[in-house]
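Read through the structure below, which is laid out as structure tokens, and then see the notes.
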Amino acid sequence: MRKFYFLMLLLCPLVMKGQDLEDYLSKYTSENGQLYLQPFANAFTADLNSGLFHNAKIKKKGFQLYIGLVSQVAVIPGKAKTFTATIDDPSFSSTPITVEGAPTIFGASEGPYVENSQTGLGQYLPGGLEIESLPLAMPQITLGSIFGTDLSARYISVPVDDLGDIELFGWGIRHSVDQYLKVLPLSVAVGYYHQSFKVGNYIDAKTSVINLQASYNIPVITFYGGLGFESGNVDVEYTYEGSGDNYGDTIAFELESEGTVRATIGLCFNLGPVKLHGDYNMAKQNTFAVGLGIGINQK
């Protein structure tokens, strides 16, 4: 388990740069904080909703099991790395100052220097984590089948200095559709998944996705795909430590990721009980997912 925790630390930039995240976020009030973190809500929803399945074959009854490690990567687009910030601090300027190109959570590590030309006062805006992608890794188990239905679960908890515990829990349920339509040459299932992710007392994210899944087996290889709709929200709470009269105030807000249709295409190599699978997920935020595990009675 310690080795897996180490892998999680390597794969998740939010863990590796936890102190930076805390420092950056605490310098923003609610309006700027929401714009700063919105790309995180979008990318994280896409990440968590990836790698959930690698076939659609569910027996009507009988034992089926998959245990494996799944890793997802959301590639961060350029437009998600900057936003337009507003400095609305009477102690700095009598009128609000608009700053274009301020880094989001994924943007440059150093924020721009903003100077009030009338008073000569200046300040640096917070930077970002300066990353090109948001990778995650987690264990996953799928168990079935009862009346063509199986259940999936994900869980991990990692203690991190300065941030507290980073905890992920997810569950899913699928039901076979092709058991009612014997003429179909494909395995077809419908699934629903719900997941939550917490970062100490700062971030509480929840995502869900409902999808239609299909797969086709030939010797050694399973072709699979799906079409679904995903959504998510992120609750954020932190203490403001920037300038002005609001210093020390608790900042709290909710972000909603942009609900979007998601399409998945993938391949699974069936090497006996060993399953090696990978898929590409197309949505407003595209992601890749790969997994390696042991599957029993999955064909």
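Could you tell me the relative contact order of the chain? Use alpha-carbon pairs under 8 Å, at least six residues apart, and round to a whole percent.
Worked out over the chain, it gives 22 percent.
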### Message
From the gyration tensor of the Cα coordinates in region 149-299, what semi-axes in whole Å does the equivalent ellipsoid have, largest first, with each one equal to sqrt(5λ)?
### Response
39, 17, 13
### Message
I need the phi-derived Karplus couplings for region 178-185: 6.51 cos²θ - 1.76 cosθ + 1.60, θ = phi - 60°, integer Hz, Gly and Pro marked x.
### Response
5, 5, 9, 10, 5, 7, 5, x
### Query
How many times 2.2 N^0.38 Å is the alpha carbon radius of gyration of the chain?
1.14
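Work through the residues other than L212 whose Cβ is under 14 Å from its Cβ and net out their charges, Lys, Arg +1 and Asp, Glu -1. The partial results should precede the final answer.
Working: positive: R174, R262; negative: D178, E230.
Local charge sum for L212: 0.
Within a Cβ distance under 9 Å of A56, other residues only, what is the Lys/Arg minus Asp/Glu net charge? Display every interim value, and only then the final one.
Details: positive: K57, R174; negative: D178.
Charge balance near A56 sits at +1.
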### Karplus 3J(HN,Hα) series, Hz, for region 57-73 with 6.51 cos²θ - 1.76 cosθ + 1.60 (x for Gly, Pro)
7, 10, 5, 5, 7, x, 7, 9, 8, 9, 10, x, 10, 10, 10, 10, 9
### Query
Just going by the charge dipole of the chain, with Lys and Arg at +1 and Asp and Glu at -1 on Cβ, which of S145, I131, V73 is farthest out on the positive end?
S145
### Task
With springs connecting C-alpha atoms under 10 Å apart, model the chain as a Gaussian network and identify which of V220, V261, V234 has the largest mean-square fluctuation.
V220
### Query
L255's amide H: which non-local residues (gap 5+, or another chain) put their own amide H closer than 5 Å, with H modeled 1.01 Å from N in plane and none for Pro or chain starts?
V234, D235, V236
### Query
Is it possible to state the helix-based mean residue ellipticity at 222 nm for the chain, with each DSSP H run of 4+ residues giving -39500 (n - 2.57), the sum divided by total residues, to the nearest 500 deg cm²/dmol? What is it?
-4000 deg cm²/dmol
### Summary
Length gained if L267 through F229 is fully extended, taking 0.36 nm per residue and subtracting the Cα-Cα distance, is 11.6 nm
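No lab work stands behind these numbers, since they all come straight from the coordinates. From a predicted model like this one, the values you see are computed outputs, not experimental measurements. Neighbour counts run over all protein chains shown; Cβ positions are idealised from the backbone, glycine included.
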